[in-house]
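Asks: Below are the structure tokens for one structure; questions will follow.
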Amino acid sequence: MRAMDVMTTDVITVDPDTTVQNLATLLAERGISGAPVVDSNGRLVGVISEGDLLHRAEIGTARRHRVRRRSWWLDHFASDLARDYVKSHGRTVKEIMTRDVVTVTEDTDLAEIAALLEAKRIKRVPVVREGKVVGIISRANIVRAVGATKGTAPREGEGDDRSIRARLLAELGREEWAQVWPEDIIVRDGIVHFWISADEPAERRQALRVAAETIAGVRGVEEHLVPAPMIPAF
């Protein structure tokens, strides 16, 4: 399987001039832990994550460093101290984002992506085409790909699964009731796997199944229920 088979295509991005406060609000409201940063031409210029907001002066979590007399070792670590200061006091995304971004393409093999996430100790990687973000792969995307397998090695004809998924997404994209995220659909060996919220209405679940079964080449449909999001009581 490749990035294009499981990646999230509806990617939430942020502008470099977005304020830190607006970024924090966006991450909290959309339930995401990070996002690519793109310029006015849609080109990837960085990534931002919740980790970049952990040590902030506004809430008293900025890293504290003891003031010492100037010495050779303080000069050596001055750059690190300066970066910490920018992270905790910067007011916009462009000031605190990571600029050296690890990326993959749509054709990158999942095995390579999994190794990359592990080696770099990152949770997600942007998928780019000619410098522009076309998707994002997270650890959750890969876990779902594993869940869609039967414990067998990859087979020939993976392109058929890819074609089925593309046609199904196109079909659902034409229907107003089908508010489904691309990452919630994986096709493996002709079996369509849906990840569906446990509180999803039965009528919509049935419609998803019918839509999948109308696609030529589909051998079956499997549902994977996920817990419904918790709504806090006030």
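The values are calculated or read from the model by the stated rules, or taken from the named source; none is laboratory data. If you're wondering where the values come from, they're calculated on a predicted model, not measured in any experiment. All Cβ positions, even for glycine, are placed from backbone atoms using ideal geometry, and neighbour counts span all protein chains on display.
Asks: Within region 166-183, track down each residue that is without any contact (Cβ under 8 Å) to a residue 24 or more places away in the chain and under 23 Å from the mean Cα position of the chain (by Cα).
Replies: Matches in region 166-183: ALA166, LEU169, ALA170, GLY173, GLN179.
Asks: Take residues that are under 15 Å from ALA3 (Cβ atoms) and tell me which of the helices (runs of 4 or more DSSP H) falling wholly in region 91-206 contain 2 or more. Before you say what the answer is, go through the steps one by one.
Replies: Details: elements: 93-96, 110-120, 139-147, 158-173.
Fully inside region 91-206 and qualifying: 110-120, 139-147, 158-173.
Asks: A further question on this structure: Looking at the structure I just gave you, is VAL180 surrounded by 14 or more Cβ atoms within 10 Å (Cβ to Cβ), over 22 Å from LEU117 (Cβ atoms) and modelled with pLDDT of 90 or more? Steps first, please.
Replies: Numbers: surrounded by 14 or more Cβ atoms within 10 Å (Cβ to Cβ): yes; over 22 Å from LEU117 (Cβ atoms): yes; modelled with pLDDT of 90 or more: no.
It is false that VAL180 is surrounded by 14 or more Cβ atoms within 10 Å (Cβ to Cβ), over 22 Å from LEU117 (Cβ atoms) and modelled with pLDDT of 90 or more.
Asks: Please work out which one of (1) surrounded by 14 or more Cβ atoms within 10 Å (Cβ to Cβ); (2) under 30 Å from GLN21 (Cβ atoms); (3) at pLDDT below 75 is the condition PHE77 fails and give its number.
Replies: The number of the failed condition is (1).
Asks: Continuing with this model, one more query. Is at least one residue of region 119-131 modelled with pLDDT of 70 or more, at positive phi and surrounded by 11 or more Cβ atoms within 10 Å (Cβ to Cβ)?
Replies: Within region 119-131, the first condition is being modelled with pLDDT of 70 or more, and the residues that meet it are 119-131.
In the following step, the residues that additionally are at positive phi were identified as 121, 130-131.
Still in the list and also surrounded by 11 or more Cβ atoms within 10 Å (Cβ to Cβ): 131.
Looking for residues that are modelled with pLDDT of 70 or more, at positive phi and surrounded by 11 or more Cβ atoms within 10 Å (Cβ to Cβ), one finds at least one in region 119-131, hence yes.
Asks: Being on the phi < 0 side of the Ramachandran plot, at pLDDT 85 or above and either loosely packed, with under 11 Cβ neighbours inside 10 Å or outside the structural domain of ARG188 (by TED's automatic domain parsing) (or both): is that true of ILE59 here?
Replies: The answer is no for ILE59.
Asks: Of everything in region 1-52 that's among the polar types (S, T, N, Q) and more than 15 Å from the chain's Cα centre (by Cα), which residue is farthest from ASP107 (Cα to Cα)?
Replies: Taking the candidates together, the pick is GLN21.
Asks: List every residue pair whose Cβ atoms lie under 7 Å apart, where the two residues are 6 or more positions apart in sequence or sit on different chains, the first residue falls within region 104-123 and is of a type in the set (S, T, N, Q), and the second residue, located anywhere, is modelled with pLDDT under 90.
Replies: Listed by first residue and then by second, the contacts come to THR108/ARG2.
Asks: A follow-up question, please. Only one residue in GLY46, GLY34, GLY51, GLY42 is exposed (fewer than 15 other Cβ atoms within 10 Å of the Cβ) and in contact (Cβ under 8 Å) with a residue 40 or more places away in the chain. Which one?
Replies: Values: GLY46 fails: exposed (fewer than 15 other Cβ atoms within 10 Å of the Cβ); GLY34 fails: exposed (fewer than 15 other Cβ atoms within 10 Å of the Cβ); GLY51 fails: in contact (Cβ under 8 Å) with a residue 40 or more places away in the chain.
It is GLY42.
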